[in-house]
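The values are calculated or read from the model by the stated rules, or taken from the named source; none is laboratory data. Nothing here was measured: the structure is a model prediction, and the numbers come from that model. Glycine also receives a Cβ, built like all others from the backbone with ideal geometry; neighbour counts cover every protein chain displayed.
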Amino acid sequence: MALLSLTNATLRFGGIVALDDVSLEVEPGTIAGLIGPNGAGKTTAFNVITRLYRLDSGDVVFDGRSILRTPPSRVVRLGIARTFQNVELFQTMTVLENVLVGAHTTSLFERAAVVRRRALDALELVGIEQVARRPAAGLPFGTMKRVELARALVSQPQVLLLDEPAGGLNHEEVEDLASFIRRLRDELKLTILLVEHHMNLVMRVSDHVHVLNFGRTIASGDPAGVQRDPRVIEAYLGGELEETA
Ligand SMILES: Nc1ncnc2c1ncn2[C@@H]1O[C@H](COP(=O)(O)OP(=O)(O)OP(=O)(O)O)[C@@H](O)[C@H]1O
Ligand SMILES: [Mg+2]
C-alpha cells in the first residue's frame, strides 16, 4: 500500500486551476520524482500535503488515513517533513537554533539536552556540524540548503518532501545531494517525494516519476519510460529533458 497518496486532488485559485484531478502514490521506502514545467502545480501539491492549502475536492492519504482534517501544525508529528523551494531560514538565529525549530513539535516532552543532541546529529548527517553556532545569515547558499534539510530531518519523519533541493547548487553539490538522497532512502529507510527541475538528478535517483503539466498528471512511470514519453517531451518542448542525454 502507498504510504502517501493524492486522489483526484483539485484546487483552484480564482480562474487558475493549480491541481486538476491529480492522483499520485508514493510507495514506502522509495524515491518518487515530481516534475513538470514552471507553474505545473508541484509546490501546490506539497502545500496541500502539508495542509497549508485546502483542496476543493479529492483527498490526501498518509499511512492509510485521510489527513484533510489534520491541522498544519500536526503534519510533522504524523511523520511528514519538508523543505522549501526558496530557502526559508530564520536569518538572525544560529544554524542550530534553526534546526531546533524543526524539532519543536515532535519533542515537546523531551529533555532539552536530548533534543539538542538530535539537532547536532542532524547537522552532522548533512555534513555541516562545524557551523552549528554560526548565524544563518551570510552562510553560503549550499550550506543554507543543508540547514533546511537538517531542520526537516530532525523531526525524524517517515516521508520527506524536497522542493527543488538542487536549485542554485553547483555541479559538485548536486552530485553530493544525489548520493545523500539515496542514503536517506537506503540507510534511514525514508520515503521521499522529490520536486526538481534538475532532470539528471531526478532521473538518476527516482524509483518512480510523476509528471504534471498545467495541474494535470500527464505521465507516471519509471524514469526511462517517462523520459521517452511523447507527452512529457512535448510539455518540455525538448528543452530541459535534453540535458539528461
Ligand atoms: N497562493 C496562491 N495564490 C494564487 N495562485 C497560486 C498560489 N499558489 C500557486 N498558485 C498558482 O498555481 C499554479 C501552480 O503553482 P506552483 O507553485 O504549484 O507551481 P510549480 O510547479 O511549483 O512551479 P515552479 O517549478 O515554478 O516552482 C501557478 O499558476 C501559480 O501561479
Ligand atoms: Mg514550485
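Key figures for this structure:
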{"read-out": "Residues located in region 1-41, provided they are of a type in the set (Gly, Ala, Ser) and closer than 20 Å to GLN85 by Cβ", "value": "ALA9, ALA18, ALA32, GLY33, GLY36, GLY39, ALA40, GLY41"}
{"read-out": "Residue selected from region 4-26 under the condition in contact (Cβ under 8 Å) with a residue 60 or more places away in the chain and under 15 Å from the mean Cα position of the chain (by Cα), by the criterion nearest to LEU177 (Cα to Cα)", "value": "VAL26"}
{"read-out": "Those residues of region 190-228 which are of a type in the set (D, E, K, R) and modelled with pLDDT of 95 or more, in sequence order", "value": "GLU196, ARG204, ASP207, ARG216, ASP222"}
{"read-out": "Residue that is surrounded by the fewest Cβ atoms within 10 Å (Cβ to Cβ), among those in region 159-198 that are acidic (Asp, Glu) and in contact with a helix residue (DSSP H, G or I) (Cβ under 7 Å, 6 or more places away or on another chain)", "value": "GLU173"}
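For every residue, the table says whether it meets (1) within 27 Å of SER5 (Cα to Cα); (2) surrounded by 16 or more Cβ atoms within 10 Å (Cβ to Cβ).
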residue: GLN91; (1), (2): no, no
residue: VAL95; (1), (2): no, yes
residue: ALA113; (1), (2): no, no
residue: ARG117; (1), (2): no, no
residue: LEU123; (1), (2): no, yes
residue: THR143; (1), (2): no, yes
residue: ALA150; (1), (2): yes, yes
residue: PRO157; (1), (2): yes, yes
